[in-house]
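Structure first, then comments.
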Amino acid sequence: MLCSDKAPGPELGLARLGLALFDEIEELLGEAAGIRRKGALVVHTGEAGWAAEPERLERLRAAGVECSLMTPAEVREAEPELRGELLGASWFPGDLQCAPRAIARGLAAEAERLGATVSTGVDVESIVIRNDRIEGLDTGGGGLAADAVVLAAGAWSAPLARSAALELPVEPRKGQLVRLERRPDFLRSKVIDGGYMAAVASADAGLRVSTVMETTLDGYVLVGSSRERRGFDLTVDARVSDALLQAAAGLAPGVRALRVESAWAGLRPWLHGGLPAIGRTAAADGLWIATGHEGAGVAHGPITGRLVAQGICGEPTALELEPFRPDRFGSRYLR
């Protein structure tokens, strides 16, 4: 859950609301939520990025984010493993870590306690519309009637949107991670290199590698991250793993001594421009969209759910949704 990698603007507003919502999640689910307020360090090795960082932090503080600059000596005191060459870092004490699967299970159980029916393992084949209004879903288990449908299918959102006659340009953006052996004391905070924000913002389809490192809740050292648009390819590329480890070792040379446990790839739902699509669409009355969060789906998922729920219930939303309008891409309604 990060504000450290955001620029002032709509996504930062979403991130700040989302971060605050994890206090409620922790109160509801307790230790099972796995929330650790460990903070994040954005570490700079390049002159240009470091020169621009004071102004970035000034703008973030003006937007309500707690952050400060650190000297190389302060960085190494805070994180002794960061022994590579660096110019300094930015510290964001409010950023946190959580257990997303446990949170999803916990929230589903709470929904059932309140009377909802939660179905898992059901394939949704299409969204059913009649006379420009949502009628329900076609699923592998048969039809499901509904007055409102929320399309939140991540990287797989575009085909389902097309079944509702909506052209939504969500693309899968592949990312690869490497898990190293258990070393719970290796890093105290989340460590992000200063080039990470540019990699996230890039519209280039080619491979981009930047460093993100942290210890997981169960003590393993996790190293990322890569970005490339290769369709739904989930192949683990050993060359990408090597590039991730080499980049990470430039900041924390001790990475080279840690045994590789596993590597895997996943797909982020990417939309051009970097903002997710949240809110109602004119494609059909009763159709709502919540997708395109790229790598921030865990952080922004709960607040997105609340915003969409507020909209469906006719309540004022906690954040202005116009910047996230699903139809902002000049969407074509195929009917």
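The values are calculated or read from the model by the stated rules, or taken from the named source; none is laboratory data. Fair warning: this is a prediction, and the values are worked out from it, not measured in the lab. Here the Cβ is made from the backbone with ideal geometry for all residues, glycine too, and neighbour counts use every protein chain on show. Quick note on the areas: whole protein, heavy atoms, side chains included, nothing else; ligands and nucleic acids left out. Shrake-Rupley method; radii C 1.70, N 1.55, O 1.52, S 1.80 Å.
Things to note:
- Within the listed set PRO269, PRO172, PRO54, the Gaussian network model of the chain (springs between alpha-carbon atoms below 10 Å) gives the highest mean-square fluctuation for PRO54.
- Shown is the FRET efficiency for ALA20 and ASP138, computed with R0 = 51 Å from the Cβ-Cβ distance and rounded to the nearest 0.05: 0.85.
- 14 Å cut-off, amide nitrogen to a point 7 angstrom out along ASN131 Cα→Cβ, residues in the stretch 268-293: 285
- As a fraction of the 1.4 Å probe accessible area of the chain, surface on carbon and sulfur atoms comes out at 52 percent.
- Computed with a 1.4 Å probe over protein heavy atoms only, the accessible surface of the stretch 98-148 comes to 69 Å² per residue.
- Point-to-point label distance, ALA109-ALA78, nm (Cα→Cβ direction, 7 Å offset): 3.5 nm
- Spatially proximal lysines relative to LYS38 (Cα-Cα < 25 Å; intrachain offsets below 8 disregarded): LYS6, LYS190
- Inter-label distance for GLN246 and HIS272, nm, one decimal - labels placed 7 Å from Cα along Cα-to-Cβ: 3.2 nm
- Note that the chain carries a Kirkwood radius of 21.2 Å, evaluated over its alpha carbons pair by pair.
- Accessible surface comparison of MET213, MET197, probe 1.4 Å, protein chains only, largest first: the order is MET197, MET213.
- Of the GluC sites (Glu not before Pro) in the stretch 48-133, the ones in a loop by DSSP (not H, G, I, E or B) with at most 15 other beta carbons within 10 Å are GLU66, GLU85.
- Bridging of LYS174 to aspartates and glutamates at a Cα separation below 17 Å is possible for ASP204, GLU228, ASP233, ASP237, ASP242, GLU294, once same-chain residues fewer than 8 apart are set aside.
- Peptide packing: for 256-263, 149-156, the average count of neighbouring Cβ atoms within 10 Å per residue gives the ranking 149-156, 256-263, highest mean first.
- Under 15 Å, Cβ to Cβ, from GLU74 - net charge with Lys/Arg +1 and Asp/Glu -1: -1
- Modelled FRET efficiency - R0 35 Å, ARG328 with LEU28, Cβ distances, 0.05 increments: 0.60
- Dipole of the chain computed with +1 at Lys/Arg Cβ and -1 at Asp/Glu Cβ about the Cα centre; of ALA247, LEU321, PRO54, farthest Cα towards the positive end is ALA247.
- In a simple Cβ point-charge model (Lys, Arg +1; Asp, Glu -1; nothing else charged), the chain has a dipole of about 500 debye relative to its Cα centre.
- Look at where the Cα atoms of the stretch 255-319 and of the stretch 93-140 average out, and the two centres are 13 Å apart.
- TRP156 versus VAL236: modelled label distance in nm, points set 7 Å from Cα along the beta carbon direction: 2.2 nm
- Fluctuation leader among THR71, THR45, THR291 - the chain, Gaussian network, Cα springs under 10 angstrom: THR71
- C-alpha long axis of helix 10-29 to longest principal axis of the chain, angle in °: 90 degrees
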